[in-house]
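Please read the structure below before turning to the comments.
The values are calculated or read from the model by the stated rules, or taken from the named source; none is laboratory data. Everything quoted here is computed from the prediction, not taken from an experiment. Cβ placement follows ideal geometry from the backbone for every residue including glycine, while neighbour counts extend to all protein chains displayed. Heavy atoms of the whole protein, side chains included, go into the accessibility calculation; ligands, DNA and RNA do not. Shrake-Rupley method; radii C 1.70, N 1.55, O 1.52, S 1.80 Å.
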Amino acid sequence: MPKASDFIPSPSARARYSSARFQTEEPTIVPPRYHSTGVEREMQHTTLVVSNVPLRSGAAVQRHPHHQQRGRRDVLFSPLNRILKFIVHCVALMLIASFMLLAIHFRPTPCARNLCLRNNLASSSLGATIIPTLTSPAPKPSVAEEADGPHTPESGAALTPEFAAHACWSFHGSEAQLGILLAKPAFLTNVSIGHVPGVPIASAPRDLTVWGVVDGLENHQRFAQHSATLKKIRAKLPPKASQPHARYPSVPLTSLHFDIRYGKPIQTFAIYPEVVDMGMDFGVIEVQVHSNWGWNHTDVCHVGIYGDWIQM
C-alpha cells in the first residue's frame, strides 16, 4: 500500500509548484510605430499591444467612438486651424502697425502745448516789429476799463515773449487790426493767439482773420496764377473780414475762432492748405480782430506766427 509520505511533495517539487503558480510574468508593452495621420497619432495614445496576457474569449481591443470622432476632426480641421492662426497673426501685426503710425502722426509738437515753444517769427525778441500804418490807433482806456485790470495800449505788447497780464495789447471795443513785420520772410504754417487768465476772460478775442501781404516778383506771379483759388477762399471768410490795405494785395491765411471754453491760454491754428500749396512766402502779416466775448474792451496777449524761414 502507498504510504502517506508518498503524497507529500518533495522540497524541489514544492518549489517548482510555487514558482509556476505564484510567479507570473509581467506584461510586455510594445509601443506602436510612428504614424503621420491624425487618426493614427490618436491611436498611439489609446492602443496598447500587450503580450503574455491572455484575453478572454470573444474579447477584442476596440477604440472608443469619441476617440474615433476626435481623430477625424483633427484630420479635417488641422489645416483650417493653421489658416486661422495665420489670419489672426496678420491682423495683430496690422493693428500694431496702425497704432504706431497714429502715434507718429499725432505726436505732440511744441505748438500743440499750452505754450508754443517753437521759434515765433512774430516775437520781438527775434526782431519782429509793429507796422504803424497797418495798425489801428489805440485810444487811452477809460477809468472803468483801467479798474478792470492792467492795460497796455501799445500794440507791441502782443509781440513780447513774456506771457503775462501786463504784456497785453488792449484796445477799446471789439474790432481792431495789427500789422506785423516778421523777423524774416517765411513759408507760414501756423498762427497762435493767446489770452492770459489774469485779465477778464470776456475780453479775449473771439473771431479773427489773418492776412499775408504779397511782396516780391515771384509772389506776385503766384498771386495772379492762383486768383481763382483765392476767390474761393475769400468767399468763406467772415463778413467783417476785408482787404487790409488797398494798395498792397493780400492773401487770407486763415480765419480762426478763439474759444475761451477750450481752456487753453494759447490756441494754435493752421494756415489754409490751399495757401500753403501756393508756395508763397510772407514777411508782413495783418491780424484783424472782429469780435470778443462781450467785454467793453479787448485784450490780445499773444500773437504767434510760425513757419520755415527762407534760407538766404
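Dipole size of region 160-312 about its Cα centre, with +1 on Lys/Arg Cβ and -1 on Asp/Glu Cβ: approximately 380 debye, rounded to the nearest 20.
Show the residues, 5+ positions off or on another chain, whose built amide H is closer than 5 Å to the amide H of residue 226. Those qualifying (amide H under 5 Å, at least 5 residues apart or on another chain) number zero. The phi-based Karplus calculation (6.51 cos²θ - 1.76 cosθ + 1.60; θ = phi - 60°) puts the 3J(HN,Hα) values of region 279-295 at x, 9, 9, 9, x, 10, 10, 10, 10, 9, 9, 9, 6, 10, 9, x, 8 Hz, whole numbers, x for Gly and Pro. Expressed in Å, the radius of gyration and Dmax of the Cα atoms of region 204-309 are 14.5, 43.
For residue 279, neighbours were defined as the other residues whose beta-carbon sits under 12 Å from its Cβ, and their charges (Lys and Arg +1, Asp and Glu -1) total -4.
Protein heavy-atom accessible surface, 1.4 Å probe, per residue over region 165-312: 44 Å². Modelled spin labels at residue 270 and residue 236, positioned 7 Å past Cα toward Cβ, are 1.2 nm from each other. Count Lys and Arg as plus one, Asp and Glu as minus one, and take only other residues whose Cβ is under 13 Å from that of residue 254; the net charge is then -1.
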